[in-house]
Amino acid sequence: MGSSQKIVSGIVWSTLFNIINAVYNFVAVPILIGYFGKSQYGLIGLAMSVNVYMRLMDMGFSSTNVRFFSTWLAEHRHEKVLQAFQTSLSFYGSIGLINGLILLVVSFFSDSIFNVTPEQDVILKHLLYILAVVAFCNWFSSCFDQLIKATENVAWIQRRQMIPKALQILVLAATVLMGFNIETYYILTCLATLSILPLSIGKIRRETPFIKFLPKLHWPTFKEMLPYSLNIFSFSLFQFSFYHLRPVFLGMQSTMESVADYRILNGIIGLIHILASSFLPVLLPSTAKVLARKDKEAYYRVAYDGTKYISIILCFCTFGMMTVGSDALSLYVGEKYLYLIPWFNLWLICNLVSHNQAISSLILAGSDIRAISYSSIVASIVGLVSSWLLIPYYEVGGVVIGFALYGSVQMLFYYLYYWPVKMNINSWRVAYYSFGPYLLLGIICYFVCHLLPQFESHWANFFVQGIAFNMIYMPAWLLLSTKDDRVFYLKILKRQK
């Protein structure tokens, strides 16, 4: 299978897994709340929240490893790949130990840190003990998937992820039917996520038989990778803070009702956001090889055609969701929340900034990413400051406007400076050929669908307008496709079959 087929296959399987995961979470939460009770189930969320900022200890090495693994594999520098892999085992193993120790320290003082009853504190301590062990295992095995991604087997990773998800469904059913307590449920769920480690090890041995699983720190290789990693970390820190501090700002500057509004919007739009952010990990291994081989034709094909295909999917999902948004929101939480529709639509439109993911994969596959680090830091600061200032006036709308400003700063930087000056990519061609036609198509389909007669039933409106959107968008998209596009689609369909 060629790189193009692997990329598309990876996107297809990533999308499918994200949908299944979203449906599982949507169904599991009310079941578990009903079974354990809201306060006990909240202990799981509390334990996970304690650990959320530990992700920053990665220091950007997840993207760094994929980039360097891919480049060195393309150059057949197997010794460098081995050194980087063993160094990563040492690095991630050390982080895992630190993460576990932090969780153990928190567990010792949990009764004074958190507002919990003595009975809840006992359960919370047990959950933190379990999380400490699992965190070490997850950190240590982090580089397994990074190496597999570098071999362009993202689709295999997503197919493999179906196994723990199926096991988690079985654990959920067994918990309710057999009366497991919360600790048993949590440890079985965690073991389900670790069940795929033997499969990952087997895949690595087949794809890269020269790899050894003995941790060993190779300082020259580590120093070579560190500057790139720190650049990734510098803007990842700000982006991570931007995405996770918005609900915190709402809690500080507004009311709990605004926080609930944010959770409601995020609950529906979350799938689109996951989809929008799923392209980059799939593309990065292939684009790293493109740069390593100095393949200019493939470089521009990724920039223009890759952006076009991502735009087709994003515009379809964004405007399709906007078309059924009022009915989806009414079915989800009731008609009394329809006042959120303007912010719902703006938030969806903000996700369209991710049409740049193909070109971003080319940037991250390169060696100098300082400029985008600076732009991401500025965009994150603008987004957070504007959210803080606007929340008292617009409540949840303040953070949505902040998101719009965050995306606008990044897009202006890319279109007006970085792409044409640093990458020799024609920004006008990206806008006119790769993104604009599908943006316009999505807008037209949205307005045409809203001219259709409305039914009293939200379910009827949801399905009729959704089907109508598909019937308009799909043929129009095919008419906009070139002959080469249609040949490519047919090849992909045959390969997926």
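The values are calculated or read from the model by the stated rules, or taken from the named source; none is laboratory data. If you're wondering where the values come from, they're calculated on a predicted model, not measured in any experiment. A quick note on method: Cβ atoms are made from the backbone with ideal geometry, for glycine too, and the neighbour counts reach across all protein chains shown. Surface accessibility is based on the protein's heavy atoms, side chains included, excluding ligands, DNA and RNA. Shrake-Rupley method; radii C 1.70, N 1.55, O 1.52, S 1.80 Å.
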Checklist entry - So, by mean Cβ neighbours within 10 angstrom, what's the order for 258-270, 389-401, 208-220 with the highest one leading? => result 389-401, 258-270, 208-220
Item to check | region 341-479 - percent of accessible surface contributed by carbon and sulfur, probe 1.4 Å | outcome: 73 percent
Item to check | Projected label distance in nm at Leu217 and Ser112, using a 7 Å step from Cα toward the beta-carbon | outcome: 3.3 nm
Item to check | Shape call, region 302-386: gyration tensor on alpha carbons, a/c limit 1.5 | outcome: oblate
Item to check | Label assignment, volume of the Cα convex hull per residue in Å³ derived from the structure, set (i) 160; (ii) 139; (iii) 151 | outcome: (i)
Checklist entry - What FRET efficiency would be calculated for the residue pair Ser94, Ser481, taking the C-beta separation as r and a Förster radius of 60 Å, to the nearest 0.05? => result 0.75
Checklist entry - When the helices in the chain are scored as -39500 (n - 2.57) per DSSP H run of 4 or longer and the sum is shared across all residues, what 222 nm value do you end up with, to the nearest 500 deg cm²/dmol? => result -26500 deg cm²/dmol
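Normalised by the residues of the chain, what does the relative contact order come to in percent, with Cα pairs under 8 Å and at least six apart? Could the numbers behind the result be given before it?
Numbers: 562 pairs, mean separation 92.8, N = 497.
Taking the mean separation of contacting Cα pairs over the length of the chain, I get 19 percent.
Give me the percent of accessible area attributable to carbon and sulfur for region 62-127, probe 1.4 angstrom. Write out the running numbers ahead of the final one.
Working: 1830 of 2830 Å².
Roughly 65 percent of what the probe reaches on region 62-127 is carbon or sulfur.
Leaving out ligands and nucleic acids, and using a 1.4 Å probe, what accessible area per residue does the chain come to in Å²? All intermediate terms of the calculation are to be shown ahead of the outcome.
Values: 23140 Å² over 497 residues.
Value for the chain: 47 Å² per residue.
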Next on the checklist: Output wanted: per-residue J couplings in Hz (rounded whole) for region 396-404, from phi through Karplus 6.51 cos²θ - 1.76 cosθ + 1.60, θ = phi - 60°, x for Gly and Pro.
Outcome noted: 4, x, x, 6, 5, 4, x, 5, 5
